[in-house]
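Notes follow the structure.
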Amino acid sequence: PHLAALVLARGGSKGIPLKNIKLLAGVPLIGWVLRAASDAGVFHSVWVSTDHDEIEKVAKQFGAQVHRRSPEVSQDSSTSLEAIREFLNHHHEVDIVGNIQATSPCLHPSDLIKVADLIQKEGFDSVFSVVRRHQFRWSEVKKGENKMTEPQNLNPAKRYRRQDWPGELYENGSFYFAKRHLIEKGYLQGGKMAYYEMRAEHSVDIDIDIDWPIAEQRVLSFGYFGKEPLKEVKLLVCSIDGCLTNGRIYVTEDQKEMVSYDYRDLVGIDLLKKRGIQVRLISDRDCSKTLSAMQLGCIAKVSATNKLQVLEDWQKDIGLSWKEVAYLGNEESDVDCLKKAGMSGVPADACAVAQKAAGYICKSSGGCGAIREFAEHIFLLLEKVNSARKQ
């Protein structure tokens, strides 16, 4: 049977505009689940159903096919079921739909593989995700009502300790798998049903803006970053113009060049060095005098006509794998380096092709704290590496 992953990503959002492609920990929100679906290896096709051009671009960037949904199922009042049924009407080859929520950035391929087995090997008609919660519930007393609240799942005279109570299962909305015949009858859950219990730390759902910073910390700690295990970064190579500086060159009357940089970035470089990470700089043009004046104490290569060759030479000289190299660039000349490095980033104002090639897009612009921000991102991922080692 043809099993298709389907992510519904409407352009309109009352809570957060274009939430589905807003950057979360440097990656478009929808990119986290598309990466997990692709790497699971159980789907015959991976789709995004959308009505928005920008979402379509991001979906294709992550290797998904795109179904352009009609205006009829793109309204605020439209349901997921309506959008899924429209998708099936246009794709008769699909037998089973794995509807994955774009707002679940901590989803892992291992979860999707196990759910596919429940559907394809154990014969379930529908499987949905749940999470276990240890929360005591009480009945609601509406304003003006003259009555007391009542316990719903506990005895107040004998409250459970957390370790003595198994808790309860709640839908977490991460995914709903269902066979075609159920969906055509108007059900996402039905027939021979099963739930799949996700780990609590992987159960992240973004609904309102206040969740965003919390979700960023969660995804950095528990998110899925790709098939290859993360390695400790030992070298950061940074493009000078547009990353260390804002790319502007000021020329005095006596034809001397001046550039500006952000003190936060110098602090970021210093912090990286203290963590044992080498920092090297690279530039297309000859800016040796400017670098000398900055007194950064970093090895630099200027007038680099082939940045990738310089990066490869440095990587081999130090004896590092590509997973141990990070690169921060902002122009087309940086694209090959961004693709090769194990960790890659760009400032917020980098050109479009550089942004597409990068794994992390900073909130800060070049020359305005981008290096410091990328350094913090490296430190958070190093914590993830160290945590994995301990486990």
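The values are calculated or read from the model by the stated rules, or taken from the named source; none is laboratory data. Given the structure is predicted, the values throughout are model-derived calculations rather than measurements. All Cβ positions, even for glycine, are placed from backbone atoms using ideal geometry, and neighbour counts span all protein chains on display. In case anyone asks, the SASA skips ligands and DNA or RNA and just uses the protein heavy atoms, side chains included. Shrake-Rupley method; radii C 1.70, N 1.55, O 1.52, S 1.80 Å.
TYR160 passes every criterion in (1) under 26 Å from HIS108 (Cβ atoms); (2) open to solvent by 40 Å² or more (accessible area, probe 1.4 Å) apart from (1).
Before we move on, is GLY31 exposed (fewer than 13 other Cβ atoms within 10 Å of the Cβ) and of a type outside the set (S, T, N, Q)? Considered against the rule, which asks whether it is exposed (fewer than 13 other Cβ atoms within 10 Å of the Cβ) and of a type outside the set (S, T, N, Q), GLY31 comes out as no. SER333: assigned to a strand (DSSP E or B), at pLDDT 90 or above, closer than 20 Å to ARG280 by Cβ and among the hydroxyl-bearing types (Ser, Thr, Tyr), yes or no? Answer is no for this residue.
When residues in region 1-17 are screened for being farther than 16 Å from ALA83 by Cβ and at pLDDT 85 or above, 3 of them pass.
Among residues of region 245-261 that are farther than 16 Å from SER364 by Cβ and of a type in the set (A, V, I, L, M, F, W, C), those with a beta-carbon under 8 Å from a residue that is in a strand (DSSP E or B) and at pLDDT 75 or above at least six positions away or on a different chain give the pairs MET258/VAL251; VAL259/THR245.
For region 11-28, the candidate set comprises residues that are surrounded by fewer than 22 Cβ atoms within 10 Å (Cβ to Cβ) and basic (Lys, Arg); within that set, the residue that is nearest to GLN217 (Cα to Cα) is LYS22.
Take ASP313 and tell me if it is open to solvent by 40 Å² or more (accessible area, probe 1.4 Å) and in a loop (DSSP other than H, G, I, E, B). Here the answer is no, as ASP313 does not meet what is asked. Looking only at residues in region 107-146 that are open to solvent by 100 Å² or more (accessible area, probe 1.4 Å) and at pLDDT 90 or above, the one that is farthest from LEU6 (Cα to Cα) is LYS142. In region 368-390, the residue that is least open to solvent (accessible area, probe 1.4 Å) out of those that are of a type outside the set (A, V, I, L, M, F, W, C) and at pLDDT 90 or above is GLY369.
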